[in-house]
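Written below as structure tokens is the structure these notes are about.
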Amino acid sequence: MEMSAEKVLGMYRTMALIREFEERAEALFLGGEVPGFMHMYIGEEAIATGVMAALRTDDLITSTHRGHGHLIAKGGDVKLMMAEILGKSTGYCKGKGGSMHIAEPDLGILGANGIVGAGMPIAAGAAFGCKYLKSDRVSVAMFGDGASNRGTFHESLNLAAVLCLPAIFVCENNGFGEGTRQCFHQKITDVSVRAAGYDVPGRTVDGNDVVAVYEAMDEFVTRARNGGGPALLELKTWRYRGHYVGDAEYYREASETVPWMEERDPINRCAELLLTKKWATQADLDRMGADVKAEVEEAVEFARKSPFPGPEELMTDVLAD
Amino acid sequence: MDMGVKTMSYREAILDGLTLEMKRDSKVFMAGEDVGIHGGPLGISVWKEFGAERVFDTPISEMAIMGLGMGAAALGLRPVVEIMFIDFIGCCGDEIVNQAAKMRYMFGGKVSLPMTVLTTSGAGIGAAAQHSQSLEAWLAHVPGLKTVMPSTPADAKGLLVSAIRDNNPVFFVQNKTLYDQKGDVPEGEYLVPLGKADIRREGDDITLVAWSGMVQRCLAAADLLAEEGIKAEVIDLRSIVPLDKEAVLASVAKTHRLVIVQEAPRTCGFASEIAAIVADEGFDLLDAPVRRVTAPDTPIPFTPSLETLYLPDAERIKAEVVALLA
């Protein structure tokens, strides 16, 4: 497939934006401004970016507890995201959801999720809805290697397969299920082998190569749009930070992250591609970097200035009229 | 327009309501285990009329079944998904408690999930401990869900239609011992609102509150009590959440004594909640403690002799009332 400069530049910017947002959010958390838990996406940017680049705004996704990257790549407004993370009334969920529960149906985001693996059944149901309504929309479930051991994975993939639903199951294999290394939580190395158990196509791709991610996703999305049914796409990556902010990471050595940061960083690799193909100069990239920095700074300011929700919000939105 | 009334069974009334809604609204579809060509283990299937596109079988996958309902509902459809026996909600606990019940609130009101979950409860047919429970208390304890439990054919139809039209997750809990019970059911479009109890029998001496399978036993107990000159008022809650507490309090204002009958185990059953509400908001109305006639804190035994002992019956209800009035 011929990638356009424009497409790759767009993906580079998205990855840079995610990285900047996450580093800033992490700093805010460490500074005591963020209640609750936060799970950083740093190092995994190519997955969210490449995957969402193959989707339309009206396609659906379910995200995870580590979902900021997914949401930004799907078109989320960093101001409204930052406000939600800080618990402000101007956030996507009026401050009632927080980092793990950000949602925006108008962008096809059926929610980040605090329960590992919980997004898959919802995504399968949404895929059914797309098919029932005779639209060509597709539904994507984001989840990790850890979640692939949950019953939700098996039930959802099986249901999607037998009903031939336009559902893509995207496994971000970052080598850990929470604080447990993959080799201790499953016997297999490639989660994609499980696809055979449901008679759907499965593929493993370098999750830190944004072009490879995009191309693989685009193939499965096109297939699903044309009635070809579900697929399992495994993207291998590494998370630079702990499971959650504050995780002492006793289960791994800091030295393990070094080769990923130095040789396999998704943003650096994309920069290399852009520079090699002369689709951008270093000055262009620097300018983009400054741009996203300003965008995130604006988001932080917006979030900080925003009010918390009033007491009347406690009792609203439990039930619909 | 004056619609007629037809005598039909509880099962037929449910099928009538389901058919009505599926004809009226193309967004309604039904999915679950054996709801298609099998015809449903308890006969609840409209597959023949609507075909496999709108009524279809799922694998034995309660998590995926609930996900099907949630995902489709999030897109604006009105799924009717079935969890065959309420005892199986443990298989999809997260989907019910952490997802369906909470998505709207966590998302700041951005989604609504207009889904109906059809399920069955009730002991009495020897189905044993894992197929006979009444778990409405579990559901009632989770904000964000509605639960209805009809005891008559008319209420079954009317509540099902209302449940399907409701824009929230509604658990429509059928009683498996009532399917062949007959009653008068209004023809055509007929709705029973959620959150409204029904006074099945009027009386001044004591209030009996029940739902689902226990309503008939309360009515039988009321007959026995009438022979002794005691006039019992029987309230069928019909709707667990939302609860018509006003109906209960209004009755207690009249009778000053309350006995609640539930076929679920005693501890933390829904009767406990009603008792707490009346003790709080109706304390001055009471001339006696609030009593609960319940099943014991045991799993449901298989053998008929013990199962019969397990369930509150008319004699036990009567004895409790008599003791209260003594």
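Every number in this text was worked out from the coordinates using simple rules, so none of it is lab data. In this text the structure is predicted, and so the values were computed from the model without any measurement. Glycine gets a Cβ as well: all are built from the backbone with ideal geometry, and neighbour counts include every protein chain shown.
Relative to the longest principal axis of the Cα atoms of chain B, the long axis of helix B:214-227 makes an angle of roughly 20 degrees.
Using a 7 Å offset from Cα along Cα-Cβ at residue B:52, what residues in region A:147-174 end up with backbone N under 19 Å from the label point? Counting only backbone N, you get A:158-166.
Rounded, prolate or oblate, given the Cα gyration tensor of chain A, with a/c below 1.5 counting as rounded? Kindly include the intermediate steps, with their values, before the conclusion.
Details: a/c = 1.32, a/b = 1.09, b/c = 1.21.
In terms of gyration-tensor shape, rounded.
The convex hull built on the alpha-carbon positions of the protein assembly as shown has an orientation-averaged projected area of 32.0 nm².
Comparing region B:137-211 with the 2.2 N^0.38 Å rule of thumb, its C-alpha radius of gyration ratio is 1.19 (two decimals).
In terms of the mean number of neighbouring beta-carbon atoms within 10 Å, the peptides B:123-129, B:60-66, B:226-232, A:166-172 order highest first as A:166-172, B:60-66, B:123-129, B:226-232.
Between the C-alpha center of region B:105-131 and that of region B:132-204 there is a gap of 12 Å. Label separation (residue B:231 vs residue B:202): 0.9 nm, computed from points 7 Å beyond Cα along the C-beta direction. Hey, which lysines would be in cross-link range of residue B:6, C-alpha to C-alpha under 28 Å, not counting anything within fewer than 8 residues on its own chain? Excluding near neighbours in sequence, the set is B:23, B:27, B:48, B:157, B:176, B:182, B:196. Here region B:104-127 is scanned for amide nitrogen atoms under 19 Å from the site 7 Å beyond the Cα of residue B:303 along Cα-to-Cβ, giving B:124-127.
Neighbours of residue B:239 by Cβ distance under 10 Å: Lys/Arg scored +1, Asp/Glu scored -1, total -1.
Looking only at other chains, what is the average number of their beta-carbon atoms within 10 angstrom of each beta-carbon in A:152-158? Can you show the working numbers first?
Working: counts 7, 1, 3, 12, 6, 1, 5.
Counting Cβ atoms of other protein chains within 10 Å of each residue's Cβ and averaging gives 5.
Within the same chain, aspartates and glutamates fewer than 8 places from residue A:305 are excluded, and of the rest, those with a Cα less than 14 Å from its Cα are A:33, A:84, A:297. In this simple spin-label approximation, residue A:178 and residue A:193 carry label points 7 Å from Cα along the Cα→Cβ vector, and these lie 2.5 nm apart. Eigenvalues of the alpha-carbon gyration tensor of region B:229-326, scaled by 5 and square-rooted, set the equivalent ellipsoid semi-axes at 24, 16, 11 angstrom, largest first. In units of the compact-protein estimate 2.2 N^0.38 Å, region B:5-186 shows a Cα radius of gyration of 0.96. A P(r) calculated from all alpha carbon pairs of region A:221-316, with 10 Å bins opening at zero, reads 11, 18, 27, 29, 13, 1 percent.
What does DSSP give for region B:198-325 in terms of the percent of beta bridges that are antiparallel, rounded to the nearest 5?
Details: 3 of 15 bridges.
Counting only bridges with both partners in region B:198-325, antiparallel ones make up about 20 percent.
The convex hull drawn around the Cα atoms of region A:1-150, when projected onto a plane and averaged over every direction, covers 9.5 nm².
Using only DSSP helix segments of four residues or longer, with each worth -39500 (n - 2.57), what per-residue ellipticity at 222 nm results for chain A after dividing by its residue count and rounding to 500?
Numbers: 11 runs with 140 residues, N = 321.
Using -39500 (n - 2.57) per qualifying helix, the result is -13500 deg cm²/dmol.
The label-point distance for residue A:3 and residue B:246, in a model that sets each label 7 Å from Cα toward Cβ, rounds to 6.4 nm. From the alpha carbon centroid of region B:25-85 to that of region A:234-285 is 45 Å. Here the Debye sum runs over all C-alpha atoms of region A:69-214 as equal scatterers in vacuum, and log10 of I(q)/I(0) at q = 0.10, 0.14, 0.19 Å⁻¹ comes out as -0.38, -0.75, -1.24. For the peptides A:250-260, B:211-221, residues were scored by their other Cβ atoms within 10 Å and the scores averaged per peptide; the highest-first order is B:211-221, A:250-260.
Label point 7 Å out from residue B:254 along Cα-to-Cβ: which residues of region B:147-174 have amide N under 11 Å? Answer for this model: none.
Calculate the FRET efficiency for residue B:287 and residue B:191 from the Cβ-Cβ distance with a Förster distance of 41 Å, rounded to the nearest 0.05. Write out the running numbers ahead of the final one.
Numbers: r = 37 Å, r/R0 = 0.91.
E between residue B:287 and residue B:191, to the nearest 0.05, is 0.65.
Among residues other than residue A:60 with Cβ under 14 Å from its Cβ, the summed charge is +1 (Lys and Arg +1, Asp and Glu -1). Extension gain, residue B:129 to residue B:182, is 16.3 nm, computed as 0.36 nm per intervening residue step minus the present C-alpha separation.
Helices in chain B, meaning DSSP H runs of at least 4 residues, each add -39500 (n - 2.57). Divided by all residues, the mean residue ellipticity at 222 nm is -10000 deg cm²/dmol. Seen from residue A:77, the other residues with C-beta closer than 12 Å to its C-beta sum to a net charge of -3, counting Lys and Arg as +1 and Asp and Glu as -1.
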